[in-house]
Each structure stands twice: as structure tokens, then as C-alpha cells.
Ligand code: SF4
């Protein structure tokens with residue numbers, strides 16, 4: 001089994017997994033989404049809310065604010081407290097949440113929580129705890145998905161309507177000039193196997209298949225922690241599960 005990073009742009013990473021069993025790859029996907037521990041706001045004490053937003057909606061919005069998570073804190077702290085006290089007119093953003101711990105803050109400070117009108121007030125205390133995606137999706141650190149590596153065979157020689165065929169590709173990985181059709185350099189793994197090109201040009205001109213020995217694994221990180229940490233925690237949780245099964249067998 002071999003794994004390598006083929007692309008890493010911002011919060012999105014693409015891995016190439018060779019000779020992995022699909023069941024193992026799916027277990028990794030599930031572990032990333034469900035088992036990694038992150039922080040999110042779980043409890044609120046609302047002292048005052050004279051805004052037009054119900055307490056329940058306010059709580060739901062605050063719960064979904066992704067928080068920078070320091071995994072090591074889970075051993076020493078059970079919860080972190082934020083305070084939010086604002087009076088309108090004011091657009092209240094995630095950055096207005098004041099945390100007792102300087103290292104914890106919202107990942108996206110510009111997230112709008114509520115627009116307070118003249119004289120409206122919110123005064124609350126929010127407690128963030130550690131949890132995982134199995135308990136609530138707000139704790140999930142990333143979206144993870146995979147597909148087989150594409151294999152594209154283009155007829156040797158001229159392909160009629162090459163430019164039109166290339167223009168149909170939703171991820172823009174084909175280039176067509178005159179009657180010459182080709183895959184753009186370094187773009188093969190971006191093919192999403194939709195077969196729009198094959199449906200139009202016919203399998204004699206361009207044939208799309210999947211290489212079942214290689215899997216393209218994509219991770220879209222929500223920002224609470226970096227992708228390396230997410231993968232480490234996901235593998236640890238898989239290991240723990242295997243040990244648990246071993247004990248029971
Ligand atoms: S299968 Fe879809 S994504 Fe892949 S090359 Fe053809 S049109 Fe593009």
C-alpha cells in the first residue's frame with residue numbers, strides 16, 4: 001500500500017492511495033468525519049436576548065461556528081468559555097465572541113451571527129466542549145470522499161469535433177484544437193468520471209474507465225485543525241477500533 005499527496009491547495013488536499021482495499025479507504029473516510037475530536041459550542045447561558053432571533057436559533061448558529069481546536073487541550077480542559085455581550089445597532093460576528101483562552105478563536109471571524117437593531121441586546125455565555133461528528137456534525141473536522149483513479153484512452157490520430165468535446169468537460173481537463181484531443185498535462189486525476197465526453201464523442205474516440213488499483217482521496221478541511229492532525233487522529237481511532245475488536249474476538 002502506498003499513499004502520496006498529489007495536491008494541497010488551501011484547506012483542500014488530494015491523496016493518491018495505491019493498492020488500498022476500498023473498505024479500508026471507506027473506514028478512513030468515516031473515521032475522519034465521525035471520530036476526530038474538535039471543539040464546538042455546546043451549552044449556552046443566555047442572560048438577555050432582546051433581538052428578533054429566538055434563543056434556539058441563536059444557539060444553533062453559535063454551535064455551528066467552527067473553532068480552532070488544539071487537540072492537546074482535550075486532556076487538560078473539559079470546556080472553554082466564551083462571552084458575548086453586544087448592543088445594537090451592530091452586526092455581531094464570530095470575532096465578537098470573547099474567549100477565556102487566547103489560543104481558541106473562531107476559524108472564520110467574519111461569520112455573521114446576528115444583526116442587532118438599535119437598542120437590541122444579547123448577553124450570553126457559551127461553553128465549548130470536545131466532541132466528534134458521530135455526536136453531532138458540528139464537531140466534524142472535514143468532508144472526505146474518494147473515487148477511483150481515472151483512465152482516459154483517446155483514439156490515436158484525429159478526433160472530429162475535438163474542441164467541442166473539450167468544452168463539454170465540467171472540470172476543464174481536456175484540450176482540443178482542430179481535430180487533436182488530449183488531456184491537459186497533470187490534470188488526469190481531476191477527471192470526475194462523468195463520461196460527458198464519451199457520451200458525446202463515442203467510446204471509439206474517447207473511452208473513460210476507472211483504475212481500481214488506485215484511489216483519489218479528497219479531504220476538504222473545515223479549518224478547526226490541519227489535515228495532517230485530522231489524518232493522524234483518524235488513523236488512531238481506527239487502530240483503537242481494531243484493538244477493541246481484537247479483544248472481543
Ligand atoms: S469523463 Fe467527464 S470529467 Fe472526465 S474527461 Fe470526460 S468530461 Fe471531463
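The values are calculated or read from the model by the stated rules, or taken from the named source; none is laboratory data. It should be emphasised that the depicted structure is a prediction, and the values quoted were computed from it without experimental measurement. Cβ atoms come from the backbone with ideal geometry, glycine included; neighbour counts cover every protein chain shown.
Can you find a residue that is loosely packed, with under 14 Cβ neighbours inside 10 Å, closer than 19 Å to residue 15 by Cβ and within 16 Å of the ligand (Cβ to nearest atom) anywhere in segment 147-170? Scanning segment 147-170, I find no residue that is loosely packed, with under 14 Cβ neighbours inside 10 Å, closer than 19 Å to residue 15 by Cβ and within 16 Å of the ligand (Cβ to nearest atom), so the answer is no. Taking the listed residues 220, 229, the one that is within 16 Å of residue 31 (Cα to Cα) and either within 16 Å of the ligand (Cβ to nearest atom) or touching a strand residue (DSSP E or B) at 6+ places or on another chain (Cβ under 9 Å) (or both) is 220, with no other qualifying. For segment 94-107, residues that are surrounded by 15 or more Cβ atoms within 10 Å (Cβ to Cβ) and over 14 Å from residue 121 (Cα atoms) total 7.
From the list 96, 55, 43, 19, the one residue that fits, being on the phi > 0 side of the Ramachandran plot and either without any contact (Cβ under 8 Å) to a residue 24 or more places away in the chain or more than 20 Å from the chain's Cα centre (by Cα) (or both), is 19.
Could you tell me whether residue 208 is surrounded by 13 or more Cβ atoms within 10 Å (Cβ to Cβ), at pLDDT 95 or above and either away from the ligand (no atom under 14 Å from the Cβ) or within 17 Å of residue 26 (Cβ to Cβ) (or both)? So residue 208 fails the test.
Among the residues of segment 120-134, not a single one is modelled with pLDDT under 95, assigned to a loop (DSSP other than H, G, I, E, B) and over 30 Å from residue 221 (Cα atoms).
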